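One structure is given below, encoded as structure tokens.
Throughout, read-outs are computed from the coordinates displayed, never taken from laboratory work. All values derive from a computational prediction rather than experimental measurement. No Cβ is skipped: glycine too gets one built from the backbone with ideal geometry, and neighbour counts run over all protein chains shown.
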Amino acid sequence: MFWNEKIETLSRQDLEELQLKKLQSIVKKAFNKIPYYNKKYSEIGVYPEDIETLKDIEKLPFITKDDLRESYPFGLFAVDMKEIKELHSSSGTTGKPVVSGYTEKDLDTWAETIARGLTMMGIGENDILQNTHGYGMFTGGFGVHYGSHKVGAAIIPISTGQTRRQIEIMKDFGTTGLIFTPSYGIHLGEVAIEDGIDPKELGIKAIGFGAEMWTEEIRQKVEEIFDAKAYNIYGLTELMGPGVGVECEAQNGLHIPEDIYYPEIIDSNTGKVLGENTTGELVLTNLEREGMPIIRFRTKDLTKITYEKCSCGRTHGRISRITGRSDDMIKVKGVAIFPSQIEKALLKAGDVEPHYMIIVTRPGTLDEIEIKVEASQDIFFDGVKEMMSVQNKIGKYIENETGIRAKVTLVEPKSLPRFEGKAKRVIDKRNLH
């Protein structure tokens, strides 16, 4: 199923011609309307007329979250405030928040990207979509909301929380599509089972999830709980929100709507653009945005891209599942570790639930890492010997996966915190400042 078949199946040559035209236009607009870009480009002697090919984008400097924070709140807007119809922002946990402004046309573009994604997931006008993403300043809830309107699905804007009410509504309203973070989806399933409800019998046919790190094992668990396919959705406030990438039925990478976003993969250390199928940091450029054009934004997300035509017939590039972030990486004993590596090791080991916390401390001069993991109900009541055996097994898997030894502590089922938004997996107690 296609939402916009003509665009989604364009030949590479036609797509690149379209991208170049849009890139030239957006660079010109940013240069003429936004002092930040004018100054940055003029300082290095690059001007809109220097963009003659797509490769010429590499002449332009990157933009980072710090640049966006420095421009707080409206320094990167290219239009008058009266044209801005909606404002969103990030949480600002590491400084000033990043603000995102949308014109009427931007909101329609955003809805278009999600409409394509929902169609890939098989969601259309006959569906009822339950959206557990937040409806505050976070972009997650609204992007899905606008996209569902566009495809004609009925949306239940329940937002996060009220877990038992969520399950009741799924049953009573006949929900066919679910949107959640993977950790919250598993929590929903657990609560349903606790209350004697089999999630497999709720009639869910498709799940869209994202907004936090996860592994294929987590996807399998979600699919098993609900007996429905789970599709990865990727997005970020800085660019627009969710819809920057969505999986099709092949579940073999996330399609980027390349007529709307121009993707590059770079080496995080050198900034050099890498080729196809090489892992690096994703850099994105808005090709359509009126209110706030973002050009060459460093996402910090690690992935790779392929331009091979997908089995679904779409020709737009696909990025692989985000395997980590160059900034949510923790360094322990000099080794770079991503929570997703720990998760992978835990799920391989079995006998545990996919709920865990990574606690990093430095009691003396050396780092110590402890992984608290919820034991499965069976193991927890099996006695000390079995518990020790499982802990040792998990420790070995973690060492194989990361190269470091970690202390593994099995804790009681359901004793670790649950998160309705992004799961907070790492507690770093070291004083690293």
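Show the residues, 5+ positions off or on another chain, whose built amide H is closer than 5 Å to the amide H of Val411.
Correct list: Val373, Glu374, Ala375.
With a point put 7 Å past each Cα toward its Cβ, work out how far Glu370 is from Lys333 in nm, to one decimal.
Reported label-point gap for Glu370 and Lys333 is 1.7 nm.
Picking from Leu410, Leu188, Leu118, which is most flexible by a Gaussian network model of the chain using Cα springs under 10 Å?
Leu410
What are the ³J(HN,Hα) couplings of segment 150-160, residue after residue, when phi is run through the Karplus curve with 6.51, -1.76, 1.60 and θ = phi - 60°? Round to Hz, x for glycine and proline.
Values, residue by residue: 5, 7, x, 7, 7, 10, 9, x, 6, 6, 7 Hz.
With a Förster radius of 56 Å, plug the Cβ-Cβ distance of Thr53 and Tyr135 into 1/(1 + (r/R0)^6) and report the FRET value to the nearest 0.05.
Here the calculated transfer efficiency is 0.85.
Past 31 Å, Cα to Cα, is the threshold; run Lys40/Lys150; Lys348/Lys424; Lys96/Lys344; Lys6/Lys304; Lys205/Lys309 against it and keep the listed order.
Too far apart for the 31 Å limit: Lys40/Lys150; Lys96/Lys344.
Taking the alpha carbon gyration tensor of segment 330-428, what are the square roots of 5 times its eigenvalues, largest first, to the nearest whole Å? Kindly include the intermediate steps, with their values, before the conclusion.
Details: eigenvalues 90, 51, 31 Å².
Square roots of five times the eigenvalues give 21, 16, 12 Å.
If you take the Cα Rg of the chain and divide it by 2.2 N^0.38 Å, with N the number of residues, what do you get?
After normalising by residue count via 2.2 N^0.38 Å, the value is 1.01.
Could you tell me the calculated FRET efficiency between Ile404 and Asp80, based on Cβ-Cβ distance and R0 = 60 angstrom, to the nearest 0.05?
Once the sixth-power term is evaluated, E becomes 0.65.
Per the helix-only calculation at 222 nm, which mean residue ellipticity applies to the chain, given -39500 (n - 2.57) for every DSSP H run of n ≥ 4 and division by its residues, nearest 500 deg cm²/dmol?
Roughly -10000 deg cm²/dmol at 222 nm, from the helical runs in the chain.
Under 11 Å from the Cβ of Arg430, count the other residues' Cβ atoms, weight Lys and Arg +1, Asp and Glu -1, and hand me the total.
0
Can you pull the Rg over Rh of segment 1-60, Cα-only, Kirkwood?
On the Cα set of segment 1-60, Rg over Rh gives 1.12.
How much length would be gained if the chain were fully extended between Gln377 and Lys429, taking 0.36 nm per residue of separation minus their Cα-Cα distance, in nm to one decimal?
Numbers: separation 52, 0.36 × 52 = 18.72 nm, distance 2.95 nm.
So the chain would gain 15.8 nm between Gln377 and Lys429.
What FRET efficiency, computed as 1/(1 + (r/R0)^6) with R0 = 60 Å and r the Cβ-Cβ distance, is obtained for Thr306 and Thr361, rounded to the nearest 0.05?
The formula returns an efficiency of 0.90 here.
Per 0.36 nm of contour for each residue apart, how much would the distance between Lys200 and Lys171 grow if the chain were fully extended, relative to their Cα-Cα spacing? All intermediate terms of the calculation are to be shown ahead of the outcome.
On the way: separation 29, 0.36 × 29 = 10.44 nm, distance 1.14 nm.
Fully extending the segment from Lys200 to Lys171 adds 9.3 nm.
Gap in Å between the Cα centre of segment 344-368 and the Cα centre of segment 216-276?
26
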